[in-house]
C-alpha cells in the first residue's frame, strides 16, 4: 500500500489531514501549510499527493493561505510523478485535463458521497450558529422552513427539530413527503412557497436553483431571516431580495469555517476509504 | 382585574413586555424605553408597575439603557402609589425595604420557578452559540461535560445530546444519577472531576460554587473550552485558570443577550401567571 | 376525475379505505368486506376497483376473510370493465396478464415508494411489540443489532434508539455508514457479523437474503432474540437456527396485524396520490 | 463491609439479584427461589437478608412463587438475627413492627428515589407494549394524553413522544407546565380534562387519585383506550367506566412483568447504594 504522502497547501483542514495521516503511520511531507520555506522538491518521492479544497481560488496559484510565498498551480502539476495518486477538490478544468493527458490518476474527494453526507453536519452547525447569532428569538419554538430535502436539508431539518424548532420542509416528491413526515416534520410543496412562506421566522434554502424567487420573497416577513447555504448560483433572487429589503445571508463553505478540524478529519477518513478501494 | 400598567426602563425585553401586554388589552404606559422625553408623571395612574431586569445596575439609577436621561431609582420609588402592584427583578435591598415599609406589594418575577425553567432554554442556546463560535470541531461527536444537574444543567445537557454530542453530567445524588442515565447521558460524580476532566472537549459549569478548582483545572486539556454560566461567584477558580492558561469564558445573563424578544415573552407570561394568582 | 369506486374483499384495511374514501366524497360500493350477500354485479359501474392486499392468498379465490361466500378471482377479473382503473397488491401473475391483454390499467399500490416508507412505521412498531413481549429485559440500554439499512432498517433503528437501546446497524456501503453514524448509531460491516453478533441482546434482520447464516448463528448468544422481518426467503438460515436451538421469530406482514386502521389509511393516501397522477 | 447475603423468596427478580450479587463477590445463599428443598436454617449466618417485592401477597406466607413449599412469614421473621440488615419491599405492618421492636434494621428498597425513577422505564415500556397490542392504529401520530407529571408520567410522556405520538400532559402547576412545554409536549390543566379528553386516542393515567371521574369518562371516545398505571386506588372511576362501556385496562406492577431481569438489576443496584450508605 502507498505510504508516502505529500500534503500541499490548504488551511487548518490540511494541517489536520497531515497530523491524522501521521497517526496512521503514513510518511507525510507538507508544503505550504506553514510559514516555512516552500520548496516543491519535497513533492518528488510522494506516492500520494493531497491538494487542498479548493485546489485553487484564482485558477493560477495553489490555494495556500498559510504559505510564505505564492505557489503556481502549473509548477505543482508539472512536478507530479506519473505514478502518483492525486487527491484534490474542485481542480481547475485545465489542470485536471493536463493530469489526464499525462495518465496521472486524479480523484476529487469532495465528490465522494460519504464526505458530502458527513460535511452536512458542520454545515448544519454553521447554520445554527448564524441563526442563534442573528435572531432575537430562541430557536426553540421558532418556525423554520427548510427548502429542499437532499443531504444537507435532511441534516439541517433534523438538528433544528432536535432544538425544539417547529420545522417544515419543502419538497416535491411523494416519497420525500413520506420521509419528512416520518421524521415528525411538517411538509409543504415547493410550488406553494409563495402562499406559505409568511409564517416562518427563519427560511433556510439548500437548493442550488432559484426557488426563492421575487414572488416568494415578496411574502417573506420583514423580521424573517433567510439563510441560503446552496452553492452557486444559490437559491435566492438576491437582487430582488435587496430591492425588497429582505434579510438574506448567503453562507458558503460552512464546514471549513465552523469546524476546520472536524472537516479535516472527514477529508482524512474519505481519503482512507479511497485508498482502501484503489489499493486492492 | 388590574388593567392599567406602567412599563418603566429596561431593554428590548421590556419593549416586548409592553407590546405583548397591549395585545392582551392592558392599557400600557411606557417610560424610559425609547429616546422620548421621560416624565415620571405618567406613572401615576398605573395599577401595575413593571420594572426591568435588573431594576438597577448601579444601585442608584434605574436600568434604562434606551432612555434619553438618567432616571433616579429613588424618584421612581417615591412616586409609587400605595395600591400599586410592583413587579421587578433583583431590586436593590434598600429600595425593596422602602416599598415594604410603605406597605406596597412587590414581587420579583425572576424568582418564579416557571421563569427560571423557561429561561434555561435561551441560556442553553447561548451556550451552543458560544461553543459553535469558539470551537474548531463540531458539537456532533464532541465530548461535553455538564457540571450540575439543576434546571439549567438539565436543559443544556439535553440540547447538546440532541446535537449529537457525547454528554456526561456531573452530580452527587443517586436520584440525579438515575435521571441522568434515563436521559441516555453518562454520569460522573462531582468529586471525581479531577480524574475525569481531561477527556472532555467542552466543560460547561452551571453550579454557583467553586467546583472547577485549581486541582481540577490542572487536568483540563489545553484545547478544551470551559464555559461557566453560573451566576456570581461562578464555579471556576478564575485566577488559577488564568495562571494555568486555560480557555475560560464566563457567560452571564445569556437569555437577554441571545434572545431578548423570547426573554420578554417569558417575562410577560410570568407576569400573567402572577396576576392570575394575585387577582383571585 | 373518477369518483365511483368499488372496494372488493380484504380485511380491516379495506374497510378503512372504504370509509376514508367516502369521507373524500367518493361514491363507494363494497363487496365482500362484511357478512352481507356478495354479488359481483355491484362492480359494474365502478370507475376504480380496489382489490385487497394481497389480491389472493391461494391464487384462485379473492382474499376476502370477512365475506360470507368464497369469491373466485377469475369471476372478478372477467367482470372488470375495460375503462376501469384497477388497484391491487401482489396480484397473481396470470390474473395480471389477463388484465394486460384486455388493455385494462392495473397499478400495484404496494410497490409505491411512499407506501413502503410509511409502512415501515407499523412494521417497526410491530417489532417493538414483539421485542417487549418476548424479552425479559428493557429495550432501554439493551444492545440491538439491525441488519440492513434500507427503508425498514432505517425506521427500526431510529425507533429503538429513541427508546434508549444501544443500536448498531450493519451495512456495506461508505455512504450508509456515514448516515448511520450521523444518526448517532454504531456501525458494523455485514461481513463482520460472525465476530460481532455475540454482543447483542436482540438481532433484527431486514435483508431478504441469507445474512444470518449458520456461521453467524453459531455465535448468537442463547438468550438473544432473533427477529426476522424480511419478506421471503427471509434472512435467516432457519433450519440451522432450529438445529442450534436459537430463538428466532419470523414476523411477516406486521402493518396489517399491528395497525390495520393506520395501514388502511396509508393505502388510501397512496391511492389518492395515484389518482392525482393518473387523472391529470 | 457485610458480605454474607441470604435471598429469600420472590420471582425472577430475586433470582437476578442473587446472580448479580454473586458477581460482586458476595457470598449468597438462596431460599425458596427454586423447586429445591427450602430450609430456613440457611438464613442463620446471613448479615443481609433480601426479601422479595412484595414481601407477602396475603400477609401470612412469604411471596415465593418458585418455592416447593409455603413459607410462613412469621417463621422467617422469627429467625432473623439481631444484627442482620433486612431489605424488603411493602412488608406487612405487623411484621415490620416486630422487627422494629426487636431492634432489627429494616429498609424498604422500593421507597428509594433512584429505584422509583429507574422503575419508571420498564413501566413505560409495559405501557407501550399494551398500547401496541390493543390499539389498531400506530402510536406514531396517535394523540396521547398522559395524566400526571410525576416520575412515571415524565418517562411515559417522553417515550411516546420519541415514538412520534402527539403527546399532551395534564398537570396543575406553572412549573410543571414550563417543563412539559420545554420537552416539546402540549399541556392541559387537569381541571379541563372533561372538555379536552375527547380528542385523544389513548389516555394514560399515572395519578393515584380519581382524576378520571364519571364526568370525564363520559367524554372519552368509544374507540379510545384508557390505561391506568396508578397504584391503588387507581385514577379511574372503574365502576362508572364499566357502566359507560369504556375501554379501561388497569395495569399494575409492570416492571416485574415486562422486564423481570432488568427489574432485578435495578433492585440490586439500589441495594448496593443502600449498603454503601449504611456501611460507612
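As an exercise, find the ratio Rg/Rh for the range B:143-279 from alpha-carbon atoms, using the Kirkwood inverse-distance average for Rh.
Rounded to two decimals, Rg/Rh equals 1.04.
Could you work out the pair-distance distribution P(r) of the range C:212-280 from its alpha-carbon pairs, with 10 angstrom bin width and percents rounded to whole numbers?
Calculated P(r), rounded to whole percents: 18, 31, 20, 17, 10, 3.
I need two numbers for chain B: Rg to one decimal and Dmax as a whole number, Cα atoms only, in Å.
When restricted to the Cα atoms of chain B, Rg and Dmax are 21.4, 61 Å.
Within the range B:23-49, find all residues whose amide N lies under 12 Å from a label point positioned 7 Å from the Cα of residue B:68 along Cα-to-beta-carbon.
Counting backbone N atoms under 12 Å from the label point, the list is B:32-40.
Rounded, prolate or oblate for the range B:155-200? Axes are the square roots of the Cα gyration tensor eigenvalues, ordered a ≥ b ≥ c, and the cut-off for rounded is a/c under 1.5.
Here the range B:155-200 falls in the oblate category.
Between copies, how far apart are the residue A:102 label points? List them in nm, one decimal, shortest first, with each point 7 Å from Cα toward Cβ, please?
Sorted ascending, the copy-to-copy spacings read 7.0, 8.5, 9.2 nm.
If you wrap the range A:4-111's Cα atoms in a convex hull and average its projection over all directions, what's the area in nm²?
6.0 nm²
What is the average number of partner chain Cβ atoms found within 10 Å of a Cβ in A:74-81?
Rounded to a whole number, the mean comes out at 0.
Taking the Cα centroid of the range D:145-160 and of the range C:1-49, what is the distance between the two, rounded to the nearest whole Å?
Comparing the Cα centres of the range D:145-160 and the range C:1-49, I get a distance of 41 Å.
Write down the radius of gyration of the range C:92-224 and its Dmax, each obtained from C-alpha positions, in Å.
Just the Cα atoms of the range C:92-224 yield Rg and Dmax of 17.9, 57 Å.
On a 0 to 90 degree scale, rounded to 10, what angle separates helix B:93-102 from the longest Cα axis of chain B?
The answer is roughly 40 degrees.
Could you rank the peptides C:238-246, C:147-155 by their average count of other C-beta atoms within 10 Å per residue, with the highest value first? All intermediate terms of the calculation are to be shown ahead of the outcome.
Values: C:238-246: 14.6, C:147-155: 23.8.
So the peptides C:238-246, C:147-155, ranked by packing, come out C:147-155, C:238-246.
Dividing the alpha-carbon radius of gyration of the range B:71-161 by 2.2 N^0.38 Å (N being the number of residues), what value is obtained?
Ratio of Cα Rg to 2.2 N^0.38 Å: 1.62.
How many angstrom lie between the Cα centre of the range A:179-247 and the Cα centre of the range B:178-206?
One Cα centre to the other: 40 Å.
Say a label goes 7 Å from Cα toward Cβ at residue A:24 in every copy; what distances in nm does this one have to the rest, shortest first?
Counterpart label points of residue A:24 in the remaining copies fall at 4.4, 5.1, 5.9 nm.
Quick one: label points 7 angstrom along Cα→Cβ at residue C:83, distances to the other copies in nm, smallest first?
Shortest to longest, the spacings are 7.5, 8.0, 9.9 nm.
Angle check, please: helix B:113-134 long axis (alpha carbons) against the longest principal axis of chain B (alpha carbons), in degrees 0 to 90, nearest 10.
50 degrees
Cα atoms only: what Rg and Dmax, in Å, come out for the range C:85-124?
Rg then Dmax for the range C:85-124, in Å: 12.6, 40.
First obtain the Kirkwood hydrodynamic radius of the range B:105-157 from its Cα pairs, then insert it into the Stokes-Einstein equation at 37 °C and 0.692 mPa s, and state the resulting D in µm² per second as a whole number.
Rounded, D is 258 µm²/s.
Could you work out, for the protein assembly as shown, what percent of all Cα-Cα pairs fall into each 20 Å distance bin, beginning at 0 Å and stopping at the bin that holds the largest distance?
Pair shares across the bins are 10, 32, 37, 18, 2.
So if we plug the beta-carbon distance of residue C:101 and residue C:191 into 1/(1 + (r/R0)^6) with R0 = 41 Å, what FRET efficiency do we get, rounded to 0.05?
Using R0 = 41 Å, I get an efficiency of 0.35.
Using a 10 angstrom cutoff on alpha carbons, build the Gaussian network for chain A and name the most mobile of A:64, A:124, A:251.
Most flexible of the set in this elastic network: A:251.
Closest beta-carbon to the C-to-D rotation axis: which chain C residue owns it, and what is the separation in whole Å?
C:162, 2
Compute the helix-to-body angle for A:151-162: its Cα long axis versus the longest principal axis of chain A, expressed 0 to 90° and rounded to tens.
Approximately 60 degrees, to the nearest ten.
FYI, it's all coordinate maths here, none of it is from the lab. These numbers were taken from a predicted model, which means no experiment stands behind them. Backbone-built Cβ (ideal geometry, glycine too); neighbour counts: all protein chains shown.
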